[in-house]
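Right, one structure below, let's go through it.
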Amino acid sequence: MRDGGRLTAAIEVLTEIETRHRPVRLAMKSWGEGARYAGSKDRAFISGLVLDVLRRRRSLAWRMGDDSLRAAVLGTLHLHWGWPLDRLADAAGDEVHGHGPLTDAERQALATPRDLADAPPAVRGDYPDWLDAAFARAFGEDRAAEGAALAERAPVDLRVNTIKTDPARALKALTPFDAQPPGLAANALRIPAPAAADRSGAVEAIPQFSKGWFEVQDLGSQVAASAAGEVKGKQVLDLCAGGGGKTLALAAAMNNTGQIYAYDSDARRLTDTIRRGDRAGVRNLQVRTPLNPEPLKDLAGKMDVVFIDAPCSGTGSWRRHPDTKWRLTPETLAKRQADQDLVLNDGAGFVKPGGRMIYVTCSVLPEEDEDRVAAFLERHPEFARRPATADPELARFLTAAGDLRLTPRSSGTDGFYVAVLEKAR
């Protein structure tokens, strides 16, 4: 495809997302079904452009003085991708494939964009105005910088599966991908984020992935799993297991000792957990599904560790799913908070005296994090907060209360919150 066709396609996909409130993946799929002529490089280019526009929707509108999707695409290509104005003018003005010649106002805005220094924090941080109070609570005067970091592209993080191999062997297998240890987690490896218009390397295609040597898992998620502490030989329940990323991280730390139980209220999500567990060589996993009556009744009061990766707003994963920050509403946030209270109450019933509950969100909002823990402790005085890590390298990410808060700006990870709650003996 020519530049003009790619530019036009990106605007069409963004229009589908905005008008029909569709996720990027579905909007790209719908566009691709009607554009069979587009090759893999074209699709990667258009997808990368769409995602970058969504990452910086507000700051682009400010800089361009225009909140249209066309202005956002033009601004992304010139201000962030470095296209010269002549190339941009040629693409837009392509008589067959272009979206229409640049106007004088567009040329002026591209040549002398408005200074972001004068913009409000929510514009500089590229998040909705209604979230500014929450960001101010979490980050104070740094909230714009934290939001901007959540608008960057994310690397590909891998967790080495120590049931099957070790970090040195895994790193050698990943030589073609320029993987490196990122720190913070002993078994983590990182592949740098590709250029916006390029496809990321197909790690899943190499033989070692099929053999279960590693799993794709954000570094922050790996750190969150490590907050469970020493789990070898323990009884562990992952109460919101989903696709099983943290279940498998916990299982690897257990090294096939003890027993780990995976449960999710949506049985369909657990299909992936079973498949991935088999590939990883996990032999101490029991999957419990809501298809059976009272699937967890026999576990009540018996767990050493209950791990709760709670349903949340996903604000911490905006780097990977930028469209979700524009779909989030106060009503959705309130529902997530209610869900979090319920799952914390449920989880408490499975913890044995002296056991721990690990509460995790991929959110940076105090309303889903500290506030939920505080409310839980009021309801359950038999629990007490404990420091979320004893690792000196992670100590700098502890809040005043002893919880972990990770963000792209502070730790180079997705945004995560972790609290460790211990039940009295």
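Of Thr112, Thr103, which residue is hydroxyl-bearing (Ser, Thr, Tyr), open to solvent by 80 Å² or more (accessible area, probe 1.4 Å) and farther than 17 Å from Ala151 by Cα?
Thr112
Only one of Arg268, Arg276 is assigned to a helix (DSSP H, G or I), more than 19 Å from Gln217 (Cβ to Cβ) and within 22 Å of the chain's Cα centre (by Cα); which?
One residue alone meets the criteria, Arg268.
Return the residue satisfying two criteria in turn: it lies in the stretch 292-312 and is without any contact (Cβ under 8 Å) to a residue 60 or more places away in the chain and in contact with a strand residue (DSSP E or B) (Cβ under 8 Å, 6 or more places away or on another chain), and of such residues it is surrounded by the most Cβ atoms within 10 Å (Cβ to Cβ).
Here the answer is Cys312.
Only one of these is surrounded by fewer than 23 Cβ atoms within 10 Å (Cβ to Cβ), in contact with a Pro (Cβ under 9 Å, 6 or more places away or on another chain) and at pLDDT 95 or above: Glu382, Glu367. Name it.
The conditions single out Glu382.
Restricting the stretch 196-206 to residues that are of a type outside the set (Ser, Thr, Tyr) and touching a residue at least 12 places away in the same chain (Cβ under 8 Å), which is nearest to Phe45 (Cα to Cα)?
Out of the qualifying residues, it is Ala197.
I'd like to check something: does the stretch 209-222 contain any residue that is open to solvent by 10 Å² or more (accessible area, probe 1.4 Å) and on the phi > 0 side of the Ramachandran plot?
No: the stretch 209-222 contains no residue that is open to solvent by 10 Å² or more (accessible area, probe 1.4 Å) and on the phi > 0 side of the Ramachandran plot.
So which residues in the stretch 28-83 are under 19 Å from Asp104 (Cβ atoms) and acidic (Asp, Glu)?
Asp66, Asp67
Taking the options Glu331, Glu393, name whichever one is among the charged types (D, E, K, R), open to solvent by 60 Å² or more (accessible area, probe 1.4 Å) and assigned to a helix (DSSP H, G or I).
Glu331
Which residues, taken from the stretch 31-58, are more than 29 Å from Leu131 (Cβ to Cβ) and either open to solvent by 40 Å² or more (accessible area, probe 1.4 Å) or in contact (Cβ under 8 Å) with a residue 40 or more places away in the chain (or both)?
Glu33, Gly34, Arg36, Tyr37, Ser40, Lys41, Asp42, Arg43, Ala44, Phe45
Run Asp86 past the list (1) within 29 Å of Pro128 (Cβ to Cβ); (2) surrounded by fewer than 17 Cβ atoms within 10 Å (Cβ to Cβ) and report the number of the one that doesn't hold.
For Asp86, the exception is condition (1).
Out of everything in the stretch 8-25 that is open to solvent by less than 60 Å² (accessible area, probe 1.4 Å) and farther than 20 Å from Ala71 by Cα, what residue ends up being nearest to the chain's Cα centre (by Cα)?
For the stretch 8-25, the residue satisfying everything is Pro23.
Can you pull out every residue in the stretch 29-62 that is polar (S, T, N, Q) and touching an Asp or Glu at 6+ places or on another chain (Cβ under 7 Å)?
If the condition is that a residue be polar (S, T, N, Q) and touching an Asp or Glu at 6+ places or on another chain (Cβ under 7 Å), then Ser30, Ser59 are the ones that fit.
Any residue that is more than 18 Å from the chain's Cα centre (by Cα) and not acidic (Asp, Glu) - is there at least one of those in the stretch 308-320?
Looking through the stretch 308-320, none of the residues is more than 18 Å from the chain's Cα centre (by Cα) and not acidic (Asp, Glu).
The values are calculated or read from the model by the stated rules, or taken from the named source; none is laboratory data. None of these values were measured; they are calculated from a predicted model. Every residue, glycine among them, receives a Cβ derived from its backbone with ideal geometry; neighbour counts consider all protein chains shown. Ligands, DNA and RNA are excluded from the accessible area calculation, which covers all protein heavy atoms including side chains. Shrake-Rupley method; radii C 1.70, N 1.55, O 1.52, S 1.80 Å.
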